[in-house]
Amino acid sequence: MRIPFVAGNWKMNKTAAEARALVTEMIAGLSAVIGVEKVLCPPFTSLAVVATLLPGTDIGLGAQNMHWEAKGAFTGEIAPAMVAEFCQYVILGHSERRAYFGETDETVNKKLLAAQAAGLTPIICVGETLAQYEAGQTNEIVGRQVRTGLRGLDPTFASKLVIAYEPVWAIGTGKASTGENANAVVRNVIRPALAELYGAEIARQVRVLYGGSVAAANAAEFFAQPEIDGALVGGASLKAEEFVAITHAAAA
Ligand code: PGA
């Protein structure tokens, strides 16, 4: 049985003071949702303050990125141990990182190996762009992102991975994929690629989320799919009531 998983990716939103207010607003509602792994991913500058609000709850904390090196002359970057000081999770390879900051399947793989060494649970994002979707390349692109980005891991660690399938054309556009389409990509591409790397048993254990314009109104459609184990939520995770409603849908 895969435990449902819902993470909020706040992206570049909220100062530390605003983060404190938002978490304070949603903490009781989120805590009342049983049987779902819930994770908040605020910006780096809010991790320390949010970390002080979560003890005694079952809400986890994640970063949105990190570097793969342990330390050194990498101005502006954050090391795995710095993330692990506050977080249990880290988002890796988000499409915005790939599109605007030059991340590739190779750098995602380096970060994943670093997350493994740091004891962090990664939420790895994969997904095709609109051009790739329209050219019928979804399976090829997503398959390659999994096979290249996720290779070389310890099998025990691999079984604990969380993958988010996020079609780029669905992110922040209000045009979500359909439950059926997303389920087909997970069933036909993501789990088979995982099975190629780590065997069928591990491929069955990995949680795979859908992401891209998930809202309270459409979450149930995705959670009803047999291969989809939760959601990575962007815009809607900045609204307390909306995010709590999405986690409720995952519990149902
Ligand atoms: P969105 O973002 O829910 O705002 O579409 C999802 C994501 O980028 O993780």
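Summary table below
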{"item": "Scope segment 152-176; condition open to solvent by less than 50 Å² (accessible area, probe 1.4 Å), out of contact with any Asp or Glu (no Cβ under 9 Å at 6 or more places or on another chain) and within 16 Å of the ligand (Cβ to nearest atom); matching residues", "result": "Ile163, Ala164, Tyr165, Glu166, Ala170"}
{"item": "Residue in segment 189-212 that is within 11 Å of the ligand (Cβ to nearest atom), open to solvent by 10 Å² or more (accessible area, probe 1.4 Å) and closer than 29 Å to Ser46 by Cα present", "result": "no"}
{"item": "Qualifying residue in segment 228-241 (condition: at pLDDT below 95, out of contact with any Lys or Arg (no Cβ under 8 Å at 6 or more places or on another chain) and within 13 Å of the ligand (Cβ to nearest atom))", "result": "no"}
{"item": "Residue check, Val142 within 27 Å of Thr45 (Cα to Cα), open to solvent by less than 70 Å² (accessible area, probe 1.4 Å) and part of a helix (DSSP H, G or I)", "result": "no"}
{"item": "Residues that are assigned to a loop (DSSP other than H, G, I, E, B), open to solvent by less than 70 Å² (accessible area, probe 1.4 Å) and touching a strand residue (DSSP E or B) at 6+ places or on another chain (Cβ under 7 Å), drawn from segment 87-137", "result": "Cys87, Gly93, His94, Leu120, Gly127"}
{"item": "Qualifying strands (runs of 3 or more DSSP E) (wholly inside segment 1-72; at least 1 residues being more than 16 Å from the ligand (Cβ to nearest atom) and under 15 Å from Thr121 (Cβ atoms))", "result": "37-41, 59-63"}
{"item": "Some residue of segment 21-41 being within 16 Å of the chain's Cα centre (by Cα), of a type in the set (A, V, I, L, M, F, W, C) and more than 28 Å from Ala252 (Cβ to Cβ)", "result": "no"}
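Yes or no, residue by residue, for (1) assigned to a helix (DSSP H, G or I); (2) touching a residue at least 12 places away in the same chain (Cβ under 8 Å):
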{"position": "Ala203", "(1), (2)": "yes, yes"}
{"position": "Leu209", "(1), (2)": "no, yes"}
{"position": "Ala217", "(1), (2)": "no, no"}
{"position": "Glu221", "(1), (2)": "yes, yes"}
{"position": "Glu241", "(1), (2)": "yes, yes"}
{"position": "Ala245", "(1), (2)": "yes, yes"}
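The values are calculated or read from the model by the stated rules, or taken from the named source; none is laboratory data. These numbers were taken from a predicted model, which means no experiment stands behind them. Methodologically, a virtual Cβ is constructed for each residue, glycine included, from the backbone with ideal geometry; neighbour enumeration extends over all protein chains shown. Keep in mind that these areas ignore ligands, DNA and RNA; they rest on the heavy atoms of the full protein, side chains included. Shrake-Rupley method; radii C 1.70, N 1.55, O 1.52, S 1.80 Å.
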